[in-house]
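For reference, the structure discussed in these notes is given below.
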Amino acid sequence: MRAADVSDLRILARRRLPRFLFEYIDGGAFAETTLKRNVEDLQTLSVRQRVLRDVAEIDLSTELLGRRAALPVALAPIGLAGLYARRGEVQAARAAEAAGIPFCMSTVAGCSVEEVRAAVREPFWFQLYMIRDRSFMRDLLARAEAAGIDTLLLTVDLPVSSTRYRDIRTGLANASGVGGLVSRMWQVAQRPGWAWDVGLFGRPHQLGNVARVMPPGTGLGGFFDWVAANYDPSVTWKEIDWLRELWKGRLVLKGVLDPDDARACVSVGVDGIVVSNHGGRQLDGAPSSISALPAVAEAVDRRITVLMDSGVRSGLDVIRAMASGADGVMIGRAWAYALAAQGQRGVAAMLETIRAEMLVAMALIGETRVAGLDRSVLTSGPADLSGPPGPARPAVAG
Ligand SMILES: Cc1cc2nc3c(=O)[nH]c(=O)nc-3n(C[C@H](O)[C@H](O)[C@H](O)COP(=O)(O)O)c2cc1C
C-alpha cells in the first residue's frame, strides 16, 4: 500500500511491528476516552472557508523557542523509538533536520544523546523526566549540554506511569516476567521483517541514555522496571527552581492542561509550556488538549511560548491548534507510525504530507502567514471555542 496520509502510515506500522510495540504506541490510559477526545475534538473544529484573498505566496515558517522552523511543528519526545526502526531516533532526527523542524529526544530513547547528536548538524531539543536519582539527572543534563542542546522539555504529567490495558494484554506490562517474555517472542516471530532489521541488527538492547545506570545484560524487562521505579512522584514547583539552577538553557514544561498551572509556570520563569495530556496516555478523562488550549493560552497571555500536542494527525489539525492559541504544535504518534512503517523516509514523507495539507488548508482559509492564524479562522468547535473572533495575533513570545 502507498501511504497517502497518517492513517495509512498507522496501518503500515501495525503490519510491520510486533503487536506489543504497535499497541504500546497506539494505546492510551484506561478506557482511552481522552485518547479518542484528542483526535475527535480537533477534527470537530470547523474552519472558515474564505475566498478571493490572493493566496499565491504562502509562508509556513515561524520561530520556535528561539530558532527558525520551516513549519510550526516539532517532533514530540517518543520513548523507545529505537525499537520501532533500526536506530530509530537517528532516523527521525535526520528527517526532522531535513524538513527544517526541531526534533525532541526522549530521556528513554533507544539511542543515546551522543549517538543522535553525531548524526545531525544542529542540536535538537531534549526531554527530561524527573528521576529519583538526581545524580543521574545531573549527569544526563551535563551530557545534553555537552551535545550543544539548549532547549529542555521537562515532562510534568508523569509523576506515576498510568495504566494502559493494551500493554497488559500484549505482555508488555509484565515485561520481566517469563509469561510476558514468551508472549513477546511469539509476537516477534510473526514479524520477521522487524525481527531481522531491528531485533537482530538494530542493537535494541543498548538502552540509550539510561544504559550507564543499568546493570550489564539488562533487557527490555529490566529497563521498564527501572523506568517505572524511578519516576519521582514527590516533585513540586520547588524542583523547578532546582532545575533552573542547574540548567541554563531554555526550559519548557510539558504536560500542562490547566490555566492555574499555566499561570504558575509563568511565575516560576520557564520559557514555555506544552499543552498536553501525553496523547491520552496518562489521565484518562482529562480534557482533550485542543479544548484546554484556549483557556491556557489566555492565562499565559503571550508571556511565554505555548506549544500544544495530543491528537494531531494532519496539517489541518496544526492549523486548528495554531488558531486556538498555540505558537507551535508537537507531533507524537504520527511520527512513530511513520518511523515504524518506513524509517527516515516515512518520517520525511509524513512531514511533507503535513506541509502539503497545511498549504492547501491555508489557501482555502485565505491566510498566507501562520501569524495570521487566530480564532477568527474558526467557526465553531468544542468547549469555549465558539466565541467571537479574537484580536489579531501579536508577535510570538520567546
Ligand atoms: C509511544 C509513545 C511514547 C512516548 N514517550 C514519551 C516520552 O518518553 N516522553 C514524553 O515526554 N512524552 C512521551 N510521549 C508523549 C508524546 O511526547 C506526546 O505528548 C504525545 O504523543 C502527543 O499525542 P499524539 O501521539 O496524539 O500526537 C510518548 C507518546 C507515545 C505515543
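The values are calculated or read from the model by the stated rules, or taken from the named source; none is laboratory data. Predicted model, so just to flag it, every value in this text is computed and none were measured. Heads up, the Cβs are rebuilt from the backbone with ideal geometry, glycines too, and the neighbour counts pull from every protein chain shown.
The residue that is farthest from the ligand (Cβ to nearest atom), counting only those in region 292-347 that are acidic (Asp, Glu) and within 21 Å of residue 34 (Cα to Cα), is 317. Suppose the filter is among the hydroxyl-bearing types (Ser, Thr, Tyr), within 23 Å of residue 212 (Cα to Cα) and more than 17 Å from the chain's Cα centre (by Cα); does residue 106 pass it? For residue 106, the condition - among the hydroxyl-bearing types (Ser, Thr, Tyr), within 23 Å of residue 212 (Cα to Cα) and more than 17 Å from the chain's Cα centre (by Cα) - is not met. Scanning region 314-355 for residues that are touching a strand residue (DSSP E or B) at 6+ places or on another chain (Cβ under 6 Å) and either in a helix (DSSP H, G or I) or among the hydroxyl-bearing types (Ser, Thr, Tyr) (or both) yields a total of 4.
Residues being farther than 30 Å from residue 228 by Cα, at pLDDT 95 or above and among the β-branched types (Val, Ile, Thr) are represented in region 318-334 by at least one member.
Among the helices (runs of 4 or more DSSP H) lying completely within region 211-300, list those that include at least 2 residues that are touching a Ser or Thr at 6+ places or on another chain (Cβ under 8 Å) and modelled with pLDDT under 95. Even if it seems obvious, please write down each step before you answer.
Working: elements: 220-230, 237-246, 259-268, 289-300.
The qualifying helices (runs of 4 or more DSSP H) are 220-230.
I'd like the full set of residues that are more than 10 Å from the ligand (Cβ to nearest atom) and among the acidic types (Asp, Glu), limited to region 127-161.
Within region 127-161, 133, 139, 145, 150 meet the criteria.
Yes or no: residue 30 among the hydrophobic types (A, V, I, L, M, F, W, C), in contact (Cβ under 8 Å) with a residue 24 or more places away in the chain and not in a loop (DSSP other than H, G, I, E, B)? Against the criterion (among the hydrophobic types (A, V, I, L, M, F, W, C), in contact (Cβ under 8 Å) with a residue 24 or more places away in the chain and not in a loop (DSSP other than H, G, I, E, B)), residue 30 does not qualify.
Tell me, yes or no, whether region 43-66 has at least one residue that is within 28 Å of residue 173 (Cα to Cα), assigned by TED's automatic domain parsing to the domain that holds residue 368 and out of contact with any helix residue (DSSP H, G or I) (no Cβ under 6 Å at 6 or more places or on another chain). Among the residues of region 43-66, not one is within 28 Å of residue 173 (Cα to Cα), assigned by TED's automatic domain parsing to the domain that holds residue 368 and out of contact with any helix residue (DSSP H, G or I) (no Cβ under 6 Å at 6 or more places or on another chain), which makes the answer no.
Of the residues making up region 270-291, those that are among the hydrophobic types (A, V, I, L, M, F, W, C), out of contact with any strand residue (DSSP E or B) (no Cβ under 6 Å at 6 or more places or on another chain) and away from the ligand (no atom under 12 Å from the Cβ) are 283, 286. With respect to residue 188, determine if the residue is surrounded by 17 or more Cβ atoms within 10 Å (Cβ to Cβ), in contact with a Phe, Trp or Tyr (Cβ under 8 Å, 6 or more places away or on another chain), outside the structural domain of residue 84 (by TED's automatic domain parsing) and not small (Gly, Ala, Ser). Against the criterion (surrounded by 17 or more Cβ atoms within 10 Å (Cβ to Cβ), in contact with a Phe, Trp or Tyr (Cβ under 8 Å, 6 or more places away or on another chain), outside the structural domain of residue 84 (by TED's automatic domain parsing) and not small (Gly, Ala, Ser)), residue 188 qualifies. When residue 166 is tested against (1) buried (at least 17 other Cβ atoms within 10 Å of the Cβ); (2) closer than 14 Å to residue 82 by Cα, only condition (2) is not met.
The residue that is nearest to the ligand (Cβ to nearest atom), among those in region 96-122 that are without any contact (Cβ under 8 Å) to a residue 60 or more places away in the chain, more than 17 Å from residue 141 (Cα to Cα) and assigned to a loop (DSSP other than H, G, I, E, B), is 102. Considering only residues that are away from the ligand (no atom under 11 Å from the Cβ), within 19 Å of the chain's Cα centre (by Cα) and within 25 Å of residue 63 (Cβ to Cβ), which ones fall in region 244-261? Answer for region 244-261, where residues must be away from the ligand (no atom under 11 Å from the Cβ), within 19 Å of the chain's Cα centre (by Cα) and within 25 Å of residue 63 (Cβ to Cβ): 250, 251, 256, 257.
Against the definition (in a helix (DSSP H, G or I) and exposed (fewer than 12 other Cβ atoms within 10 Å of the Cβ)), how does residue 193 come out, yes or no? Walk me through how you get there before you give the answer.
Working: in a helix (DSSP H, G or I): yes; exposed (fewer than 12 other Cβ atoms within 10 Å of the Cβ): yes.
For residue 193, the condition - in a helix (DSSP H, G or I) and exposed (fewer than 12 other Cβ atoms within 10 Å of the Cβ) - is met.
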